[in-house]
Amino acid sequence: MEEIDTVNLVAHHVQRWRFRDRSGILPAGRIVLRVTEDEKQWWRFECCRIEGGMYCISGSAWSDFVGPRVHARLTLYAKQYGENFNRVRVRTG
């Protein structure tokens with residue numbers, strides 16, 4: 001798994017998180033990220049590419065996810081199957 005990006009979550013991240021894809025794996029345009037912490041519970045986050053090669057995750061599912069995790073360190077990891085981007089794993093703590 002390749003690291004996409006890492007953030008220390010703070011209150012303003014409940015609305016959205018702007019980040020740079022360090023792995024270079026995320027496609028342009030709007031996508032839905034399937035995200036898991038433990039392979040048991042999954043979330044679907046709205047993500048889109050914005051100016052300057054940055055990405056933004058937002059939406060109600062994101063807000064619900066981040067709210068109880070404010071002050072946690074979050075890392076997104078890319079997981080690929082074949083050549084298609086498929087899902088993201090997140091680690092908090």
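Kindly indicate whether GLY59 is modelled with pLDDT under 90 and more than 10 Å from the chain's Cα centre (by Cα).
Values: modelled with pLDDT under 90: no; more than 10 Å from the chain's Cα centre (by Cα): yes.
When the stated conditions are applied, GLY59 does not pass them.
Answer yes or no as to whether ARG91 is at pLDDT below 85, outside any loop (DSSP other than H, G, I, E, B), open to solvent by 50 Å² or more (accessible area, probe 1.4 Å) and among the basic types (Lys, Arg). Full working, then the answer.
Numbers: at pLDDT below 85: yes; outside any loop (DSSP other than H, G, I, E, B): yes; open to solvent by 50 Å² or more (accessible area, probe 1.4 Å): yes; among the basic types (Lys, Arg): yes.
Yes: the conditions hold for ARG91.
What number goes with the only condition from (1) of a type in the set (S, T, N, Q); (2) part of a loop (DSSP other than H, G, I, E, B); (3) out of contact with any Asp or Glu (no Cβ under 6 Å at 6 or more places or on another chain) that SER23 does not pass?
(3)
Could you run through segment 50-73 and say how many residues are in a loop (DSSP other than H, G, I, E, B) and either in contact with a helix residue (DSSP H, G or I) (Cβ under 8 Å, 6 or more places away or on another chain) or in contact (Cβ under 8 Å) with a residue 24 or more places away in the chain (or both)?
Filtering segment 50-73 down to residues in a loop (DSSP other than H, G, I, E, B) leaves 50, 59, 70-72.
Cutting the leftovers down to either in contact with a helix residue (DSSP H, G or I) (Cβ under 8 Å, 6 or more places away or on another chain) or in contact (Cβ under 8 Å) with a residue 24 or more places away in the chain (or both) gives us 50, 70-72.
Selection size over segment 50-73: 4.
Within segment 1-36, count every residue that is under 19 Å from ASP64 (Cα atoms), charged (D, E, K, R) and at pLDDT below 85.
Result for segment 1-36: 1.
Which of the residues belonging to segment 11-29 are of a type in the set (A, V, I, L, M) and touching a strand residue (DSSP E or B) at 6+ places or on another chain (Cβ under 8 Å)? Even if it seems obvious, please write down each step before you answer.
Kept after step one, since they are of a type in the set (A, V, I, L, M), are these residues of segment 11-29: 11, 14, 25-26, 28.
ILE25, LEU26, ALA28, listed by residue number.
The values are calculated or read from the model by the stated rules, or taken from the named source; none is laboratory data. Computed from a predicted model, the values in this text were never measured in an experiment. Glycine also receives a Cβ, built like all others from the backbone with ideal geometry; neighbour counts cover every protein chain displayed. For accessibility, only protein heavy atoms count, side chains too; no ligands or nucleic acids. Shrake-Rupley method; radii C 1.70, N 1.55, O 1.52, S 1.80 Å.
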